[in-house]
Amino acid sequence: MADWPLLSMLVWLPIVGGVALLFMGNASHQAIRMTALVISVAMLLLSLPLWTQFDSQTAAMQFVELMPWISSLNANYHLGVDGISMPLILLTTFITVLVVGAAWEVIKEKPAQYMAAFLILEGIMIGTFAALDAILFYIFFEAMLVPMFIIIGIWGGPNRVYATIKFFLYTFFGSVFMLISLIYLYTQTGGFDIATYHDAPLTYRAQFWIFLSFLIAFGVKVPMWPVHTWLPDAHVEAPTGGSVILAAIMLKIGGYGFLRFALPITPDAAAALDWLVILMSLVAVVYIGFVALVQKDMKKLIAYSSISHMGFVTLGFFLMWSIMENTGSLSGVRMGLEGGMVQMISHGFISGAMFLCVGVMYDRMHSRMIADYGGVVNSMPIFAAFMVFFSMSNAGLPGTSGFVGEFMVILASFKANFWFAFLAATTLIVGAAYTLWMVKRVLFGEVANDNVAALTDINRREFIILGSLALAVLALGLYPAPLLEVMHASIDNLVNHITQSKLPG
Amino acid sequence: MNFVAPALTPATPEIVLLALACVVLIVDVMQKTGSRMLTYTLTQITLLLTLVSVIMTRADKTILTFSDTYIQDQMGFYLKVFILIITMIAMVYSRDYLRQRKMERGEYYLLSLFATLGMLIMVSAYSLLNIYLGLELLSLSLYAMVAFDRNSSRSSEAAMKYFVLGAIASGMLLYGMSILYGVTGTLNINEINALLQQGGDISKAQVFALVFIVVALAFKLGAVPFHMWVPDVYDGAPTSVTLFIGAAPKLAAFAMVMRLLVSGMGVLHEHWQGMLIILAVLSIGIGNIVAIAQTSIKRMLAYSTISHVGFIILGVLAGTRDGFAASMFYTIIYAFMSLGAFGVILLLSREGFEADEISDFAGLGRTHPWIAVILMILLLSMAGVPPTAGFYAKLVVLKAVIGVELTWLAIYAVILSVIGAYYYLRVMRVMFFDAADENADHSLATSTDAKVILSVNGLLMLVAGILPGPLLAWCISSM
């Protein structure tokens with residue numbers, strides 16, 4: 001097993017499977033669903049060796065595959081994972097299974113194309129996390145837009161066309177500047193190898209512009225305030241599965257990009273501009289939190305909550321220079337970065353779960369408006385238990401994964417600056433306010449209308465989906481050590497790398 | 001005085017094409033009115049034999065013949081191969097269209113054969129006069145083809161515009177060439193280059209000649225501000241002619257640019273670079289922005305062509321080997337994309353239904369999912385979204401531009417191509433997200449071979465997007 005091109009299989013199996021599904025368009029729904037489920041479960045099983053055979057002692061790339069690809073551009077088919085990308089790949093395979101499961105009886109229109117789009121998307125996202133060649137990365141990064149464009153556009157809500165074009169153009173606009181930077185780096189190093197970029201000396205002027213281009217590309221993807229406006233639209237209009245993938249995985253690619261590109265390639269510019277990112281992150285955490293408070297649409301509320309939570313991720317990533325300036329040591333630096341990583345994984349579970357919960361209600365009531373609900377707990381007690389649990393973890397309840405990441409980032413920001421920590425910590429109040437207020441209005445109180453009274457509780461399929469997510473949230477919340485251990489070596493290596501100036505001496 | 005017979009081998013393909021075209025002409029005249037299947041078949045065989053002779057006479061080194069006025073080199077080889085392949089595909093796409101509209105006459109095939117001959121001559125011409133002859137042979141055939149639907153006033157109007165503006169451009173070219181001849185005293189590209197290099201100071205007359213030649217090239221390429229004819233001709237001409245004009249002649253025009261500007265007046269690079277920057281900036285800008293406002297897909301593609309021409313110019317103006325190879329790569333990819341896109345329009349159209357409005361594509365994703373997917377690949381490729389060939393075309397051009405430290409130009413180009421992505425997305429949106437008109441007739445009236453070739457054409461953009469290596473290597477080896 002060890003000699004197999006595991007990563008290539010993870011990238012190409014779902015893509016090939018997805019294309020095969022497209023040609024199954026006329027088969028029975030049952031056959032299509034089963035095929036998709038089998039492929040996605042096989043993917044989950046295939047990705048497990050990444051974890052079990054992972055050597056957490058080294059920061060070097062593992063499961064590396066290297067083949068010449070476009071020789072005249074000196075671009076290679078180069079895949080590999082380290083402690084940063086490996087957990088994200090597992091998150092992808094795990095969430096995809098749930099998305100396939102969640103679509104089971106719900107998607108009646110063109111199920112083959114729906115499943116195919118998600119499987120192809122899965123392969124592309126894994127490719128993005130595993131690519132070690134800049135052009136390969138860019139291709140996956142952009143190719144991702146096409147299936148998502150179609151998912152939102154075909155299976156989305158009433159305003160889907162506007163939302164999906166906005167989503168596509170926003171992200172496309174962000175990433176083209178990154179392309180210019182990658183080409184510039186090519187002219188400096190003569191290749192597209194990301195590791196070479198990490199070591200290439202760059203003048204401050206070059207770093208400054210390259211960093212800005214990365215900030216635009218990944219900032220749109222995360223999304224950071226003020227380029228977040230595509231996300232609420234996309235989430236509201238996307239089908240449940242689309243929202244889940246978008247929130248749980250696609251946003252993480254922005255965070256991952258900061259760790260893989262922005263920080264190690266342009267450390268000096270990042271050090272000089274860290275205030276900008278910290279400012280944008282804190283605005284996201286505080287201001288967007290308040291925006292979430294006033295939402296009437298559940299999906300929009302969760303979308304804004306995602307932006308606010310992703311603010312923690314970028315905050316954690318960019319705290320290091322303030323910490324070093326303030327304390328003169330590197331001790332809190334790792335906590336910030338790892339806190340950001342844990343927050344990404346945890347947010348993947350929680351936001352996915354929250355969107356699935358809304359999906360469960362939407363499938364029954366065909367409404368996402370908070371005002372249409374009330375007293376759901378009376379007719380759906382099991383579902384209500386799950387939703388309360390996920391809401392609590394969204395608000396950062398200790399014992400759930402939502403707490404770990406936020407707590408680590410807040411601790412790290414205390415070392416940097418009291419006011420950073422103070423502002424970040426307000427999310428514990430605001431986050432609790434908007435999540436629990438929503439729960440109160442939707443789940444509790446009087447039964448709002450006859451439709452709510454007639455609701456049926458979740459079936460076994462929905463129970464398994466939500467239950468497995470609840471287990472993941474709980475496991476990560478109670479015992480995050482295994483995840484942290486995997487990351488230690490890579491994060492340490494990254495910290496050492498970033499603290500060394502790359503200005504040509 | 002010795003008379004040495006010139007080596008004829010480098011011109012074999014042109015000789016074969018001309019001889020066989022005359023045979024086709026005679027055979028066609030002998031036929032009774034009615035089906036032109038025989039003419040069509042002979043045309044395809046002619047093109048195929050020409051292609052075979054191009055491949056058979058391939059030489060590893062550059063050969064000059066006819067007193068150094070005719071050249072055979074790697075760039076010429078690849079361009080000729082692609083011109084012939086593209087013309088053959090264009091003929092396959094056109095046949096049904098012509099037949100359904102009762103326009104299938106022998107002249108159509110003959111004119112396209114002579115146009116192809118003109119293109120081959122343009123590719124190989126190595127003296128000012130030969131370049132001009134090739135260009136005129138191509139242009140005159142195209143003027144007649146645009147007017148081919150003689151009952152349509154739009155078609156005639158387009159042909160008239162094309163003819164008048166094309167004639168002005170030819171005049172410009174001739175004027176520029178005559179000044180260049182006056183300055184250097186020779187028509188031969190190599191000698192012009194040598195004389196200009198010796199010249200030391202660049203005289204005003206040389207730059208004066210350059211201006212006229214660049215203007216003429218811009219006219220022929222359809223670069224802003226000399227683009228006025230493009231939308232009208234694309235829109236007014238029968239779609240099969242638009243398809244023909246949009247694809248292979250761009251390759252010939254690229255060869256003409258290379259021979260004149262690079263081989264001939266390479267010394268004046270810093271002068272033409274500035275002019276080309278203006279052309280590229282305007283073409284990319286106007287092309288992409290005006291395309292957004294179009295409701296006719298043919299006009300939209302016309303403006304998109306203008307923006308693509310801007311990208312092709314971008315690679316040339318870099319003035320490096322990388323840049324020329326990038327432009328050639330872009331031109332070839334573009335020719336295939338344009339071929340496919342107009343091919344889809346031809347495929348969907350039938351007697352009385354032109355499928356030339358964007359709204360005609362509504363619900364295509366439901367009625368004909370496979371064709372919709374093919375068109376989606378082509379549109380994504382035009383927008384430059386990976387993993388399609390169009391992405392690499394943009395990538396290599398941008399790389400060349402950044403390589404000569406014109407990064408601002410690259411940034412400008414990518415911003416405009418994001419704006420451009422919108423109108424391609426809009427067509428995709430109409431295809432996949434809008435509902436089809438229930439009452440309309442959605443049947444296809446196209447033969448199987450066109451459908452198969454179109455599928456290959458579309459999928460090729462995806463395959464070349466995943467494995468662009470070979471084509472890129474060919475283009476680099478051509479320079």
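Every read-out reported here was derived from the displayed coordinates using simple, explicitly stated rules and does not represent laboratory data. Please read these numbers as outputs of a predicted model, since none were measured by experiment. Virtual Cβ from ideal backbone geometry, glycine too; neighbours counted across all protein chains shown.
As an exercise, use a Förster radius of 35 Å and the Cβ-Cβ distance of A:L45 and A:T196 to find the FRET efficiency, rounded to the nearest 0.05.
0.55
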Just to be sure I understand the model, the point goes 7 Å from the Cα along the line to the Cβ. What's the resulting A:L279 to A:N459 distance in nm? 5.3
Dipole of chain A [Lys/Arg +1, Asp/Glu -1 at C-beta], most positive-end residue of A:I194, A:V294, A:G241: A:V294
For the Cα atoms of chain A, what angle does the longest principal axis make with the long axis of helix A:85-102, in degrees from 0 to 90, nearest 10? 20
Go through A:V283, A:I216, A:W230 and say which Cα lies farthest out towards the positive end of the charge dipole of region A:203-305; charges sit on Cβ, +1 for Lys and Arg, -1 for Asp and Glu. A:W230
What size of dipole, in debye to the nearest 20, comes out for region B:1-102 about its Cα centre when the only charges are +1 on Lys and Arg C-beta atoms and -1 on Asp and Glu C-beta atoms? 580
In Å, the C-alpha Rg and Dmax of region A:249-405 are 17.8, 57
Once Rh is set to the Kirkwood radius over Cα pairs, what Stokes-Einstein translational diffusion coefficient, in µm²/s, holds for region A:1-78 at a temperature of 20 °C and a viscosity of 1.002 mPa s? 144
Tell me the mean residue ellipticity at 222 nm calculated for chain A from its helices only (DSSP H runs of n ≥ 4, each -39500 (n - 2.57), averaged over every residue, nearest 500). -23500 deg cm²/dmol
For the peptides B:430-439, B:212-221, what is the packing order when you average, over each peptide's residues, the other Cβ atoms within 10 Å and list the highest mean first? B:212-221, B:430-439
When 1/r is averaged over all different Cα pairs and the result inverted, which Kirkwood radius in Å belongs to region B:361-437? 13.5
Go through region A:133-147 residue by residue and turn each phi into a ³J(HN,Hα) via Karplus (6.51, -1.76, 1.60, θ = phi - 60°); whole Hz please, and just put x for glycine and proline. 10, 4, 5, 4, 4, 4, 5, 5, 4, 7, 4, 3, 5, 5, x
Largest-first principal axis extents of the Cα set of region B:329-479 (Å): 56, 31, 23
√(5λ) per eigenvalue of the Cα gyration tensor, region B:102-161, largest first, Å: 26, 13, 5
Calculate the mean, over all residues of peptide A:180-188, of how many other protein chain Cβ atoms lie within 10 angstrom of the residue's Cβ. 5
Would you list the P(r) distribution for chain B, with all Cα-Cα distances sorted into 10 Å bins from 0 and each bin expressed as a whole %? 4, 21, 32, 27, 12, 3, 1, 0
Here the convex hull volume per residue of chain A, taken over Cα atoms and given in Å³, is 130
FRET efficiency (A:A432, A:T52; Cβ distance; R0 51 Å; to 0.05) is 0.85
For the pair B:A473/B:R154, report the inter-label distance in nm, with labels modelled 7 Å from Cα in the Cβ direction. 4.6
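Which of the peptides B:170-177, B:26-33 is most tightly packed, and how do the rest follow, judged by the mean count of other Cβ atoms within 10 Å per residue?
So the peptides B:170-177, B:26-33, ranked by packing, come out B:170-177, B:26-33.
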For region B:132-243, state what percent of all Cα-Cα pairs lands in each successive 10 Å bin, counting from 0 Å until the bin that includes the largest distance. 14, 38, 25, 15, 7, 1
May I ask for the percentage of alpha-carbon pairs in region B:227-310 that lie more than 18 Å from each other? 50
Between helix B:74-100 and chain B: long-axis angle, C-alpha atoms, 0 to 90°, nearest 10: 30
Using alpha carbon centers only, region B:404-479 is separated from region A:242-297 by a whole-angstrom value of 33
Integer Hz, Karplus 6.51/-1.76/1.60 couplings in order for region B:430-443, x for Gly and Pro: 4, 5, 9, 9, 8, 7, 6, 6, 4, 7, 6, 8, 10, 6
Projected onto their principal axes, the Cα atoms of region B:400-479 stretch, largest extent first, over whole-Å spans of 56, 31, 17
Can you give the Rg to Rh ratio of the protein assembly as shown, both from alpha-carbon atoms, with Rh computed by the Kirkwood formula? 1.02
Column: log10 I(q)/I(0), Debye, Cα scatterers of region A:318-468, q = 0.09 Å⁻¹: -0.37
Given q = 0.10, 0.12, 0.16 Å⁻¹, what are the Debye log10 I(q)/I(0) values for region B:22-135, with equal point scatterers placed on the Cα positions and solvent ignored? -0.35, -0.49, -0.78
Efficiency of FRET between B:A59 and A:K108 - r from beta-carbon atoms, R0 45 angstrom, step 0.05: 0.10
Rounded to one decimal in Å, the inverse mean reciprocal Cα-Cα distance for region A:223-308, i.e. its Kirkwood radius, is 13.8
Using only alpha-carbon positions, what ratio does the radius of gyration of region A:311-351 give when scaled by 2.2 N^0.38 Å? 1.24
Candidate aspartates and glutamates - alpha carbon under 14 Å from A:K415, same-chain residues fewer than 8 apart omitted: A:E325
Exercise: per-residue mean of other protein chain Cβ atoms within 10 Å, A:164-172: 4
From the mean inverse distance of alpha carbon pairs (Kirkwood) and the Cα radius of gyration, derive Rg over Rh for region A:123-270. 1.00
At q = 0.13, 0.18, 0.19, 0.22 Å⁻¹, the log10 of I(q)/I(0) for region B:77-213 from a Debye sum over equal Cα scatterers comes to -0.69, -1.04, -1.10, -1.28
About its Cα centre, what dipole magnitude does region A:151-241 give when the only charges are +1 on Lys and Arg Cβ and -1 on Asp and Glu Cβ, stated in debye to the nearest 20? 160
With label points set 7 Å from each Cα along the Cα-to-Cβ direction at A:N451 and B:I15, the distance between them in nm comes to 8.2
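Looking only at other chains, what is the average number of their beta-carbon atoms within 10 angstrom of each beta-carbon in B:394-407?
Across B:394-407, the average partner-chain Cβ count within 10 Å equals 4.
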Can you tell me the orientation of helix A:481-499 relative to chain A, as the angle in degrees between its alpha-carbon axis and the longest Cα principal axis, to the nearest 10? 40
Only four residue types carry charge here, +1 at the Cβ of Lys and Arg and -1 at the Cβ of Asp and Glu. Report the dipole size of the protein assembly as shown about the Cα centre in Debye, rounded to the nearest 20. 920
